[in-house]
1. Report, ordered by the first and then the second residue, all pairs with beta carbons closer than 9 Å, sequence separation of six or more or different chains, a first member in the range 74-87 that is surrounded by fewer than 10 Cβ atoms within 10 Å (Cβ to Cβ), and a second member that is not in a loop (DSSP other than H, G, I, E, B).
2. So residue 60 ticks every box in (1) loosely packed, with under 10 Cβ neighbours inside 10 Å; (2) over 21 Å from residue 7 (Cβ atoms) but one. Which box is left unticked?
3. Could you list all residues from the range 1-38 that are assigned to a loop (DSSP other than H, G, I, E, B) and either surrounded by 11 or more Cβ atoms within 10 Å (Cβ to Cβ) or in contact with a helix residue (DSSP H, G or I) (Cβ under 7 Å, 6 or more places away or on another chain) (or both)?
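Here, each number is a calculation from the coordinates, and none is a lab measurement. Remember, predicted model here, so these are calculated numbers, not experimental data. Quick reminder, even Gly has a Cβ in these numbers, built from the backbone with ideal geometry, and neighbours come from all protein chains shown.
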């Protein structure tokens, strides 16, 4: 679960950082002593990234199911879909 902190902790550069992240739709990396420490991104970018990871995971699961022979016929698929919509 992500931690939630008030914008004030970023100090006087908050608006500049937030504007960059929102306008560019990409994270800003914060360094300390020349090494990466933090990645800051807009909520929209975060949600898109998480959604993409969930999609990639679902695709991987499906590909593994195909590889392992865990498939159904198209007739069974359509019968299942029709039962879901009440046909």
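1. From the range 74-87, the pairs are 87/81.
2. (1)
3. Once the filter is applied, which keeps residues that are assigned to a loop (DSSP other than H, G, I, E, B) and either surrounded by 11 or more Cβ atoms within 10 Å (Cβ to Cβ) or in contact with a helix residue (DSSP H, G or I) (Cβ under 7 Å, 6 or more places away or on another chain) (or both), the range 1-38 yields 25, 26, 27.
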